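Before any comments, here is the structure.
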Amino acid sequence: MTLVRYLLALDEGTTSARAAVYDSEGRRIAMESAPIDCRYPHPGWVEQDALTGAGAIWPAQLDATRRTLAAANVDPKDIAALGITNQRETTLVWDRVSGEPIAPAIVWQCRRTADYCAGLASSSSSRSTIEEKTGLVIDAYFSASKIRWILDHVPEAQNRARAGDLVFGNVDTWLIWKLTGGKVHVTDPSNASRTMLYNIETGDWDNELLAIFDVPRAMLPTVVPSSAVCGTTTIFGSEIPIAGIAGDQQSALFGQACFSPGLSKNTYGTGCFALMHTGGTRPVSRNRLLATRACSLDEKPQFAVEGAVFIAGAAVQWLRDKMGLITNAAESEAIAASVPDTGGVYVVPAFVGLGAPHWDSSARGTITGITASTDRARIVRATLEGIAYQTRELTDAMQADSGTKLQELRVDGGASANAFLMQFQADILGCRIVRPADIETTALGAAYLAGLATGVYKNTDDLAQFWRSERVFEPKMNADQRESLFAGWKSAIARARA
């Protein structure tokens, strides 16, 4: 009798903590989620509770995982390994002994350090050092300035950090710390490369970068491969190896079987993130995209070029929760399709500024082209189209950097279930959109990484055979209409930035 081995993935995102159980062929057996609360104490600020209370990161992840195991009807003894994927850049600092966070988690969307970053960027020497070593632009998006803010604003935090009493981690590091009872303090290259403290060429924390931000090295986790056993947890009733770690976007790239240079994916989650795998070659962008580490199976570096949009699916949540124009995200598809066009309306969801390729923290959300005939359906449609236009900006930059025309884009994430959005995306890009059978590829990537580290899979060739498409969206719009609509978007962006 063949032993069935299962893989458990913890997928801690910005608005929910999820868990999924997969069989050895990458088929999802069960998935459950629990909400994560975001707080907005000041305009542009976004923070979360990491440890206690309703909607806190740790209890939500525990709840989702336990319910997933129950729904899958899988004995924890049959879990071969556990993989973790997480919202990136979100920053936590906690006491090394007690494990208590010294401040709320500062979420990746938070703009409280925008002025600090602008001051840093005004120094040409600091800017060139940071961009050259990290592959990033100086922006409040990344972790380093968030660490600096906590150390500056929590009494005695800087002294405690220098004494070795405080530790830093993104959400992957926090979850592993909690799962192992504080015994393991690690991260992987895909998360480390989003901190602005990690040299993506050398694969280590960089002393010059640490000096710029005045962050003690003792705070930082050990960097281990994305696919490797780094510890074990017994918290679910049996000893389970923790064997996969990846930031959510790199995990989705892996889950989409984009293992070789040139393969690309776009994830439609809270934000929107397009990544193109570049193999062992570090990308150099001339169009303000980011160089980042992709998932690593060993010590050999893997790279990707990335474009990040801060608000995508969150704009649909805004339609529901703040504007009251929809009652649930799913109905946005039918409402958008009920009108032939937006009537010239554009919605630029720059609620926390604009990410790539603009990197403008002062931009704000804008609705342009409103007339007396503008109605609910056109606002809803324009909001969905705004997600697709932002992706067009990213892929245009990728194609300009690579000199290669995009032939197809693999998509995933919750909003990729929206057929209207996917068809408009194909139309405005002029290339086919391929949606996989399982759009939750972020969790799947973490499971794959854990399975490779524990012998469930031999190599990535095993994984490639499991990837399958569910639907392909072919472009139907003519080129003149496409470019005319996109010109209107660029005009709307200019107004949002003004």
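The values are calculated or read from the model by the stated rules, or taken from the named source; none is laboratory data. Only a predicted model underlies this, so the values are computations on that prediction, with no experimental measurement involved. No Cβ is skipped: glycine too gets one built from the backbone with ideal geometry, and neighbour counts run over all protein chains shown. What goes into the accessible areas is simple: the full protein's heavy atoms, side chains included, and nothing from ligands, DNA or RNA. Shrake-Rupley method; radii C 1.70, N 1.55, O 1.52, S 1.80 Å.
For the stretch 1-89, which fully contained strands (runs of 3 or more DSSP E) count at least 3 residues that are within 16 Å of T233 (Cβ to Cβ)?
The strands (runs of 3 or more DSSP E) meeting that bar are 6-12, 16-22, 79-86.
Looking at the structure I just gave you, is W108 in contact with a Lys or Arg (Cβ under 7 Å, 6 or more places away or on another chain) and open to solvent by 30 Å² or more (accessible area, probe 1.4 Å)?
The answer is no for W108.
Taking the condition of being in a loop (DSSP other than H, G, I, E, B) and either within 19 Å of L179 (Cα to Cα) or open to solvent by less than 10 Å² (accessible area, probe 1.4 Å) (or both), how many residues in the stretch 213-253 meet it?
Residues flagged as in a loop (DSSP other than H, G, I, E, B) and either within 19 Å of L179 (Cα to Cα) or open to solvent by less than 10 Å² (accessible area, probe 1.4 Å) (or both) within the stretch 213-253 amount to 12.
Which of the residues spanning the stretch 442-458 are in a loop (DSSP other than H, G, I, E, B) and touching a Pro at 6+ places or on another chain (Cβ under 8 Å)?
Answer for the stretch 442-458, where residues must be in a loop (DSSP other than H, G, I, E, B) and touching a Pro at 6+ places or on another chain (Cβ under 8 Å): just T454.
Of (1) farther than 22 Å from A64 by Cα; (2) touching a Lys or Arg at 6+ places or on another chain (Cβ under 6 Å); (3) of a type outside the set (A, V, I, L, M, F, W, C), S238 satisfies all except one. Which?
(1)
Output the number of residues of the stretch 114-137 satisfying the condition of being under 24 Å from A314 (Cβ atoms) and surrounded by 24 or more Cβ atoms within 10 Å (Cβ to Cβ).
Qualifying residue count for the region: 0.
This table checks each residue for (1) modelled with pLDDT of 95 or more; (2) within 30 Å of M422 (Cβ to Cβ).
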position: A211; (1), (2): yes, no
position: V215; (1), (2): yes, no
position: V229; (1), (2): yes, no
position: G244; (1), (2): yes, yes
position: A252; (1), (2): no, yes
position: C258; (1), (2): no, yes
position: S264; (1), (2): no, yes
position: T267; (1), (2): no, yes
position: N287; (1), (2): no, yes
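Taking the stated definitions as given, is D360 open to solvent by 10 Å² or more (accessible area, probe 1.4 Å) and touching a helix residue (DSSP H, G or I) at 6+ places or on another chain (Cβ under 7 Å)?
The answer is yes for D360.
Can you tell me which condition R194 does not meet? The list is (1) in contact with a Lys or Arg (Cβ under 8 Å, 6 or more places away or on another chain); (2) farther than 19 Å from P216 by Cα, and all the others hold.
Every condition holds for R194 apart from (2).
For the stretch 1-33, which residues satisfy the criterion of being hydrophobic (A, V, I, L, M, F, W, C) and surrounded by fewer than 23 Cβ atoms within 10 Å (Cβ to Cβ)?
Residues satisfying the conditions are M1, L3, V4, I29, A30, M31.
Can you tell me which of (1) crowded, with 17+ Cβ neighbours inside 10 Å; (2) under 17 Å from I150 (Cα atoms) is the one T85 doesn't meet?
It is condition (2) that T85 fails.
For the stretch 325-441, give me every one of the helices (runs of 4 or more DSSP H) that falls completely inside it and has 2 or more residues that are touching a residue at least 40 places away in the same chain (Cβ under 8 Å) and among the polar types (S, T, N, Q).
Ranges flagged: 376-402, 419-429.
Taking Q317 and the conditions (1) more than 30 Å from D188 (Cα to Cα); (2) touching a residue at least 24 places away in the same chain (Cβ under 8 Å); (3) in contact with a strand residue (DSSP E or B) (Cβ under 6 Å, 6 or more places away or on another chain), which numbered condition does it fall short on, given that it satisfies the others?
Unmet condition: (3).
Please specify each residue of the stretch 401-417 satisfying the condition of being in contact with a Leu (Cβ under 7 Å, 6 or more places away or on another chain) and farther than 15 Å from L263 by Cα.
A415
State yes or no: is F303 farther than 23 Å from D11 by Cα and touching a residue at least 40 places away in the same chain (Cβ under 8 Å)?
no
On the given criteria, is K178 free of Cβ contacts under 8 Å to residues at least 60 places away in the same chain, among the charged types (D, E, K, R) and either out of contact with any Asp or Glu (no Cβ under 6 Å at 6 or more places or on another chain) or not in a strand (DSSP E or B) (or both)?
Here the answer is no, as K178 does not meet what is asked.
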